[in-house]
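J.: After the structure tokens below, expect a handful of questions from me.
The values are calculated or read from the model by the stated rules, or taken from the named source; none is laboratory data. This structure is a prediction, so every number in the text was calculated from the model and none was measured. Note that we place each Cβ from the backbone using ideal geometry, even for glycine, and neighbour counts take in every protein chain shown.
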């Protein structure tokens, strides 16, 4: 192995050759403190393209403390090898034939001790901004997003920097011109767990789920507006994939007796285990933002529904993927063309 010195752009050169073979492969090692999607696009891809033009048997391998699953997928897509110190690795060499692929930590071991100045897509405030970015097509500015979400401008600016670093948004100057909303929702769902972030009460419907829907439609308007359908039944109404699953209903936080009151109104019985109806206490009022009245039943917005399904139990993640497909094909039916006033 040869080490790069001075201002050379690569940190080491490893030569690999099979016994009795005169052809060798060079592994150009590039050490990074961190690897983002933006770094892949702006630094590694140009370097990789140049290396391939110089020598077909040259391979670029990036090494970092940790590489996120999304960046790993990008690197594999472009044929760039990678190794991180948690055990994630991918390397494909044609001669001598080498194929290595291992998976390890999907979350950064340093995430708990990360700098407070670096915003992430986890948490209540991030959820509000993610929802807005998915629901409204650009262009818009950080100031407009901060005003609409009632979040501080410094926080919004830091979170937008993080999103831009992950290629989830693109900006021209201070104006956001593009949002990769499908990937944005996927990344948000990775840091969210539907049944962990929303406490819930298990119930059974003795008269069947259809009777629950009938009771929902019969509720007084002011009461009905406090209950929003999510999960498998909501996804099935938009992009049918499977049958069954629990009926999941959001209700506002702050009223301890509300789940039992809802249960009485809908003819439900509380149980400790199992259950075919889950009453979820909304972790944040944003779950009720831009809800839709679907035949007399309030349903969460599609962006919220995708996050819930992708982060839910059982087959819900598959339902979330099917829902994303529907949303990509029908953006005009659910996205707004301007920020809500």
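J.: Could you list, in sequence order, the residues of the range 232-266 that are out of contact with any strand residue (DSSP E or B) (no Cβ under 9 Å at 6 or more places or on another chain), in a loop (DSSP other than H, G, I, E, B) and closer than 20 Å to residue 308 by Cβ?
T.: 239, 240, 241, 242, 243, 244, 245
J.: Run down 198, 207 and say which single residue is farther than 24 Å from residue 331 by Cβ and touching a strand residue (DSSP E or B) at 6+ places or on another chain (Cβ under 6 Å).
T.: Within the list 198, 207, the selection yields 198.
J.: Turning to a different aspect of this structure: Within the range 72-79, can one find any residue that is in contact with a helix residue (DSSP H, G or I) (Cβ under 9 Å, 6 or more places away or on another chain), surrounded by 17 or more Cβ atoms within 10 Å (Cβ to Cβ) and either without any contact (Cβ under 8 Å) to a residue 60 or more places away in the chain or under 30 Å from residue 15 (Cα atoms) (or both)?
T.: yes
J.: With 338, 270 as the choices, which residue is under 30 Å from residue 179 (Cβ atoms) and in contact (Cβ under 8 Å) with a residue 60 or more places away in the chain?
T.: 338
J.: Ok, one more. Here is a list: 67, 63, 83. Which entry is buried (at least 17 other Cβ atoms within 10 Å of the Cβ), touching a strand residue (DSSP E or B) at 6+ places or on another chain (Cβ under 9 Å) and part of a loop (DSSP other than H, G, I, E, B)?
T.: One residue alone meets the criteria, 67.
J.: Here's another thing I want to ask about it. Considering only the range 218-231, I want to know if a residue exists there that is part of a strand (DSSP E or B), farther than 24 Å from residue 286 by Cβ and either in contact with a strand residue (DSSP E or B) (Cβ under 9 Å, 6 or more places away or on another chain) or at pLDDT 95 or above (or both).
T.: no
J.: Yes or no: the range 149-161 includes at least one residue that is touching a residue at least 60 places away in the same chain (Cβ under 8 Å) and surrounded by 15 or more Cβ atoms within 10 Å (Cβ to Cβ).
T.: The answer is no, given that none of the residues of the range 149-161 is touching a residue at least 60 places away in the same chain (Cβ under 8 Å) and surrounded by 15 or more Cβ atoms within 10 Å (Cβ to Cβ).
J.: Go through the range 179-205 residue by residue and tally those that are over 17 Å from residue 120 (Cα atoms) and either in a loop (DSSP other than H, G, I, E, B) or more than 17 Å from the chain's Cα centre (by Cα) (or both).
T.: Number satisfying all stated conditions: 8.
J.: Same structure, new question: What is the residue count in the range 267-276 for residues that are under 25 Å from residue 314 (Cα atoms) and either touching a helix residue (DSSP H, G or I) at 6+ places or on another chain (Cβ under 8 Å) or outside any loop (DSSP other than H, G, I, E, B) (or both)? Reasoning before the result, please.
T.: Looking only at the range 267-276, we keep the residues that are under 25 Å from residue 314 (Cα atoms), and these are 268-276.
If we keep only those that are either touching a helix residue (DSSP H, G or I) at 6+ places or on another chain (Cβ under 8 Å) or outside any loop (DSSP other than H, G, I, E, B) (or both) as well, we get 268-270, 276.
Matching residues across the range 267-276 total 4.
J.: Sticking with this one: From the set of residues in the range 105-158 that are outside any helix (DSSP H, G or I) and under 14 Å from the mean Cα position of the chain (by Cα), which is modelled with the lowest pLDDT? Full working, then the answer.
T.: Of the residues in the range 105-158, the ones outside any helix (DSSP H, G or I) are 105-110, 114-123, 136-141, 150-152.
Those left that are additionally under 14 Å from the mean Cα position of the chain (by Cα): 106-107, 120-123.
Details: 106: 78, 107: 75, 120: 88, 121: 91, 122: 90, 123: 91.
That would be 107.
J.: Scan the range 277-295 for residues that are surrounded by fewer than 17 Cβ atoms within 10 Å (Cβ to Cβ) and in a helix (DSSP H, G or I) and jot them down.
T.: Hit for the range 277-295 is 285, nothing else.
J.: So, residue 306, is that one in a helix (DSSP H, G or I), under 21 Å from residue 124 (Cβ atoms), touching a residue at least 12 places away in the same chain (Cβ under 8 Å) and more than 16 Å from the chain's Cα centre (by Cα) or not?
T.: Working: in a helix (DSSP H, G or I): yes; under 21 Å from residue 124 (Cβ atoms): yes; touching a residue at least 12 places away in the same chain (Cβ under 8 Å): yes; more than 16 Å from the chain's Cα centre (by Cα): no.
Spelling it out, it is not the case that residue 306 is in a helix (DSSP H, G or I), under 21 Å from residue 124 (Cβ atoms), touching a residue at least 12 places away in the same chain (Cβ under 8 Å) and more than 16 Å from the chain's Cα centre (by Cα).
J.: Can I ask one more? Taking the criterion of being crowded, with 16+ Cβ neighbours inside 10 Å and touching a residue at least 60 places away in the same chain (Cβ under 8 Å), would at least one residue in the range 250-262 satisfy it?
T.: Within the range 250-262, not a single residue is crowded, with 16+ Cβ neighbours inside 10 Å and touching a residue at least 60 places away in the same chain (Cβ under 8 Å).
J.: Still on this model: May I ask you to verify whether residue 129 is touching a residue at least 24 places away in the same chain (Cβ under 8 Å), assigned by TED's automatic domain parsing to the domain that holds residue 288 and surrounded by 14 or more Cβ atoms within 10 Å (Cβ to Cβ)?
T.: no
J.: Output the residues belonging to the range 18-45 that are in a loop (DSSP other than H, G, I, E, B) and either under 17 Å from residue 92 (Cβ atoms) or not assigned by TED's automatic domain parsing to the domain that holds residue 60 (or both).
T.: 18, 23, 24
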